[in-house]
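Structure, as structure tokens:
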Amino acid sequence: AGKAGNEWQGSPHPQPTPLPPHDQTVLTDNPVGPQVAARAERLSCRDCFKALYVHKFRAMLGKNRLIFPGEKVLLAWSGGPSSSSMVWQVLEGLSQDSAKRLRFVPGVVYVDEGAACGQSPEDRAKTLAEVKSVLQNIGFPWHTVALEEVFGLPPAVLQGSAQEPVGTEEAYKSAVDSFLQQQHVLGGEQTHQPHTQDSPGPCSLGRSPTATQTAALCRLFDSVRTLTAKEELLQTLRTHLILHVARVHGYSKVMTGDSCTRLAIKLMTNLALGRGAFLAWDTGFSDERHGDVVVVRPMRDHTLKEVAFYNRLFAVPSVFTPAIDTKAPEKASIHRLMEAFILRLQTQFPSTISTVYRTSEKLVKAPREGCAAGPAVPRCLLCLCALDVDTDDSATAFGAQTSRLSQTLLSTPPAEAGTTTGPGCVAGEGTQLSYVHRKGAQAQVMEQLCYGCRVNMKDLPSLDPLPPYILAEAQLRSQRDWVMPEVQEYLIEDSDSEAEDALAQPPGARLTTQEQGGENAGTGL
């Protein structure tokens with residue numbers, strides 16, 4: 001038997017080509033055979049893999065129909081594989097050779113986070129030079145901003161505007177028809193930027209951060225005790241900065257490169273962080289929490305493995321930038337621990353990420369009970385989600401936390417309650433006013449946070465290093481909460497029938513009715 005085995009090993013006849021297992025599907029029109037094994041159950045050649053990859057990106061946009069023709073869309077590019085592949089998909093979709101061209105107006109934004117991640121000024125300059133080189137070759141209008149610029153943001157970033165209604169299918173069809181008619185009048189379709197006012201190239205390079213701003217940002221992140229809280233804070237500040245850039249330059253949509261793998265990890269991480277109530281916003285295709293700017297995730301159907309194959313096969317340019325958790329051990333943060341857990345489970349059970357991702361698709365954005373009919377829902381100061389506040393007597397963890405916070409705020413001596421706190425305040429009548437003035441910045445911020453953000457802020461010993469716009473908005477909200485109960489009894493509210501009649505009238509008649517009501521009120525006085 002051993003001799004026969006040696007003779008067979010030395011045989012000049014080649015071994016037969018192994019066939020794919022019976023549970024694998026071969027998708028190929030190439031005689032060379034399959035070249036890509038992006039999924040365990042599917043083998044495909046280069047051309048078929050590209051067709052499937054592009055189809056998934058286009059289908060995600062076409063199925064949701066949230067981006068209208070001619071709309072300005074800001075592509076949030078970090079230099080990583082997923083966001084680079086997203087920008088490349090948009091670039092190819094806007095080309096003249098594309099079968100079904102994309103019709104929106106793109107722009108790219110890059111946020112330099114080197115100071116928060118511990119990069120030296122020399123390394124930051126080198127990375128920024130590579131970023132500019134890639135963006136110049138893409139040809140879109142682009143913006144580069146440093147994370148230190150959050151210390152110059154206005155408080156209006158956290159206020160937002162009235163939430164626009166989600167476009168219906170009829171509105172989308174009418175917008176497409178109007179766009180095509182306009183293109184026909186102009187003499188055919190133009191280039192890939194039909195209505196943009198920004199020329200290709202740098203629109204805003206962003207001022208170089210000052211030494212004071214860099215020191216303030218480093219002091220903020222150095223004061224955070226855990227890596228988990230640092231990652232959450234970095235994500236929050238990055239979102240606020242991108243949101244500000246989008247509003248300043250007139251972008252109504254923001255595209256992010258979150259892949260299927262990243263969203264599955266994010267879903268499990270947010271559950272561990274106490275953000276289960278906001279999973280539909282944090283992992284869904286669209287995020288409308290900001291009102292006038294909607295965040296969309298067109299790459300949510302692509303796995304990281306597919307993204308890596310596509311970028312390798314088609315030479316998609318990217319820039320490596322170290323993250324805040326680079327070289328961190330597995331148990332350094334909840335994010336790293338959950339990422340290692342999901343990826344390790346994926347190697348043993350290839351359907352893990354797909355199962356978690358499909359679960360996220362079933363989540364529905366439902367308003368909090370009792371707040372659906374209300375005129376305005378209070379929102380978290382940091383993540384801008386609906387504030388999941390329970391009353392003090394609520395039998396939940398957040399209710400107990402709120403009760404403890406209220407007891408802490410009211411633990412001052414009773415003698416201060418009846419003192420005069422300002423002009424026009426009589427002793428004994430300014431209890432609520434003195435209560436607001438007694439509260440410091442710590443209390444003003446903490447009471448306006450959701451459960452998840454409140455837990456993260458516990459790892460920040462002092463809120464003084466926070467950017468000024470956060471503290472200013474917290475103070476403004478606290479003052480508004482105090483003023484509203486005081487003036488509520490003096491406000492005259494219209495009944496529901498009067499409000500509906502006023503909205504049904506044309507603008508001129510509506511103004512006349514209001515003037516007439518004012519004259520009648522004056523006559524009565």
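Our coupling estimate for the stretch 341-350, obtained by passing each phi through the Karplus curve with A = 6.51, B = -1.76, C = 1.60 and θ = phi - 60°, is 5, 5, 5, 5, 5, 5, 5, 8, 10, x Hz, Gly and Pro reported as x. Would you pull out the residues with amide H under 5 Å of L94's amide H, same chain only if 5 or more places away, H placed 1.01 Å from N? Excluding prolines and chain starts, which carry no amide H, the hits are L102. Net length available on complete extension from E122 to K458 is 117.6 nm, with 0.36 nm assigned per residue and the Cα-Cα distance removed. Note on Q235/A215: beta-carbon distance plugged into 1/(1 + (r/R0)^6) with R0 of 30 Å gives a FRET efficiency of 0.85. Extension gain for the segment E489 to D97, taken as residue separation times 0.36 nm less the Cα-Cα distance, is 134.7 nm to one decimal.
Which of the peptides 464-474, 342-352 is most tightly packed, and how do the rest follow, going by the mean number of other Cβ atoms within 10 Å of each residue?
464-474, 342-352
Accessible area ranking (1.4 Å probe, heavy atoms, ligands and nucleic acids excluded), largest first, for D47, D282, D301: D47, D301, D282. The HN-Hα couplings worked out from phi for the stretch 229-235 by the Karplus form 6.51 cos²θ - 1.76 cosθ + 1.60 (θ = phi - 60°) are 5, 5, 5, 5, 5, 4, 5 Hz, whole numbers, x standing for Gly and Pro. Under 5 Å from the amide H of V73 lie the amide H atoms of V105, G107, each residue being 5 or more positions distant or on a separate chain, with H modelled from the backbone and absent for Pro and chain starts.
For M299, the residues whose modelled amide H falls within less than 5 Å of its own, excluding neighbours fewer than 5 places apart on the same chain, are D258. The phi-based Karplus calculation (6.51 cos²θ - 1.76 cosθ + 1.60; θ = phi - 60°) puts the 3J(HN,Hα) values of the stretch 459-470 at 7, 10, x, 10, 8, 4, x, 4, x, x, 5, 6 Hz, whole numbers, x for Gly and Pro. For the stretch 290-333, the residues whose backbone nitrogen is under 20 Å from a point 7 Å from the Cα of A129, taken along Cα to Cβ, are 317-322. Within the same chain, lysines fewer than 8 places from K331 are excluded, and of the rest, those with a Cα less than 28 Å from its Cα are K230, K266, K305, K458.
The values are calculated or read from the model by the stated rules, or taken from the named source; none is laboratory data. Not measured: the values here are computed from a predicted model. Ideal geometry is used to build each Cβ from the backbone, glycine not excepted, and the neighbour counts take in all protein chains shown. These accessible areas exclude ligands, DNA and RNA; they are computed on the full protein's heavy atoms, side chains included. Shrake-Rupley method; radii C 1.70, N 1.55, O 1.52, S 1.80 Å.
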